[in-house]
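Novice: If you scroll down you'll find the structure; I have some questions about it.
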Amino acid sequence: QVQLVESGGGEVQAGGSLRLSCAASGTTFRAHAMAWYRQAPGKQRELVASITSGGTANYGESVKGRFTTSRDNAKSTVYLEMNSLKPEDTAIYYCHTILLGRFYWGQGTQVTVSS
């Protein structure tokens, strides 16, 4: 059973930074592509960033140049470094992966950016 556990959320002022972590267990982490999604109140869940098993990252347009995702296969952990945060980045952030066609999500971590 794949388990994903996010941490690192919190409240920060606009222009600040946060670093989210997602620890994976129950699977061969290094073989997985991983992704970060977010969902703000009243909005659909959107893709923030993804990273392949080989370490190639892609980003949603709204976070390009501000967010960076990385992975540490030895720790089975993926990270999301968020800089120059804006109030519109306020959301619950979820870690995500797919194994054998089945979707797995973490419980989410709240990020709140105040103006």
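Novice: Taking the Cα centre of the chain as origin, sum charge times position over the Cβ atoms of Lys and Arg (+1) and Asp and Glu (-1), and report the length of that vector in debye to the nearest 20.
Specialist: Numbers: 11 positive and 8 negative charges, 46 e Å.
Magnitude of the dipole: close to 220 debye.
Novice: Per 10 Å bin, what percent of the C-alpha pairs of the chain does each bin hold, from zero upward?
Specialist: Values per bin, smallest distances first: 15, 50, 29, 6, 0.
Novice: Carbon and sulfur atoms: what percent of the 1.4 Å accessible area of the chain do they account for? If you can, show how the numbers build up before the last one.
Specialist: Details: 2890 of 6110 Å².
Accessible surface attributable to carbon and sulfur in the chain totals 47 percent.
Novice: In addition: May I ask which residue of Leu47, Gln110, Asn83 lies farthest towards the positive end of the charge dipole of the chain, with charges of +1 (Lys, Arg) and -1 (Asp, Glu) on Cβ and the Cα centre as origin?
Specialist: Looking along the dipole axis, the top candidate is Leu47.
Novice: Separate question: Per residue, how many Å² of accessible area does the chain show with a 1.4 Å probe? List each step's numbers first, then the result.
Specialist: Working: 6110 Å² over 115 residues.
Per-residue accessible area for the chain comes out at 53 Å².
Novice: Here's another thing I want to ask about it. What does the extension gain come out to for Gln39 and Asp72, with contour length at 0.36 nm per residue minus their alpha carbon separation? Please report the intermediate quantities before stating the final value.
Specialist: Values: separation 33, 0.36 × 33 = 11.88 nm, distance 2.50 nm.
Going from the current span to full extension adds 9.4 nm.
The values are calculated or read from the model by the stated rules, or taken from the named source; none is laboratory data. A quick note: this is a predicted structure, and the numbers were derived from the prediction, not measured. Glycine also receives a Cβ, built like all others from the backbone with ideal geometry; neighbour counts cover every protein chain displayed. Accessible surface areas use protein heavy atoms only, side chains included; no ligands, DNA or RNA. Shrake-Rupley method; radii C 1.70, N 1.55, O 1.52, S 1.80 Å.
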